[in-house]
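Q: Questions regarding the structure given below will be posed in turn.
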Amino acid sequence: MKTMTYKGYMARIEYSDDDECFIGHIAGIRDVVGFHGDSVTNLRAAFIEAVDDYLATCKKLGRPAQKPYSGKFVLRIPAEIHSLVAMQAEASGKSLNQWAVEALKEAAHA
């Protein structure tokens, strides 16, 4: 599965052999917004149109568009791992948050 991004929104992309086209859905929001295209160029254009359409529709309806993510999340991990990562962060001269952001960013290949 591959992704595309536009205006802070990310799309999940799959290929449908039955339909012989790429199919995408905006990820990270509860609203269902999909699009498709028979080439990467057409898919990208359809994604941009879908995001712009979504934002315009929300504005027209007078409701805020859902944001993909707030930037905050709660993570429950075993105490032993919490201890290990806290020590790693301290040893590297970083806050636990800074250390975790860097580790997650590296893991996500961003």
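Q: Below 8 Å, C-alpha to C-alpha, sequence gap of six or more: please give me the relative contact order for the chain in percent.
A: 15
Q: So what's the net charge close to residue 22: Lys and Arg +1, Asp and Glu -1, counting the other residues with Cβ under 13 Å from its Cβ?
A: -3
Q: Then there is this: Could you tell me what % of all Cα pairs in segment 29-81 have separations over 17 Å?
A: For segment 29-81, the fraction of Cα-Cα distances above 17 Å is 55 percent.
Q: Between the alpha-carbon centers of segment 44-106 and segment 1-25, tell me the distance in whole angstrom.
A: That distance is 20 Å.
Q: Which loop-located chymotrypsin sites (Phe, Trp or Tyr not before Pro) does segment 66-110 contain, where loop means any DSSP state but H, G, I, E or B and the Cβ has at most 13 other Cβ atoms within 10 Å?
A: Sparse-neighbourhood loop chymotrypsin sites (Phe, Trp or Tyr not before Pro): 69, 73.
Q: Which pairs, out of 7/60; 7/105; 59/105, put more than 25 Å between their alpha-carbon atoms? Walk me through the intermediate numbers first.
A: Working: 7/60 18 Å; 7/105 19 Å; 59/105 32 Å.
Over 25 Å apart, Cα to Cα: 59/105.
Q: For segment 1-105, which trypsin sites (Lys or Arg not before Pro) pass both filters: DSSP loop (anything but H, G, I, E, B) and at most 12 other C-beta atoms within 10 Å? Could you put the intermediate results ahead of the total?
A: Working: sites: 2, 7, 12, 30, 44, 59, 60, 72, 76, 94, 105; in loops: 7, 30, 72, 76, 94.
Counting only loop positions with at most 12 other Cβ atoms within 10 Å, the trypsin sites (Lys or Arg not before Pro) in segment 1-105 are 7, 30, 72, 76.
Q: Something else about it: Using a Förster distance of 35 Å, how high is the FRET efficiency between residue 66 and residue 105, based on the Cβ-Cβ distance and rounded to 0.05?
A: Once rounded, the FRET efficiency stands at 0.90.
Q: What's the angle, to the nearest 10 degrees (0 to 90), between helix 96-107's Cα axis and the longest principal axis of the chain?
A: 50
Q: Moving to a separate point now. What list do you get for 23, 81 if you sort them by fewest beta carbons within 10 Å?
A: 81, 23
Q: Related question: In Å and from the alpha-carbon atoms only, list the Rg and Dmax of the chain.
A: Gyration radius and largest Cα-Cα distance of the chain: 18.7, 53 Å.
Q: Mind telling me which of 51, 40, 85 comes out most flexible in a GNM of the chain, alpha-carbon contacts under 10 Å?
A: Sorting by GNM fluctuation, first place goes to 85.
Computed from the coordinates by the stated procedures, all read-outs in this text should not be read as laboratory data. Please read these numbers as outputs of a predicted model, since none were measured by experiment. Here Cβ is always computed from backbone atoms with ideal geometry, including for glycine, and neighbour counts include all displayed protein chains.
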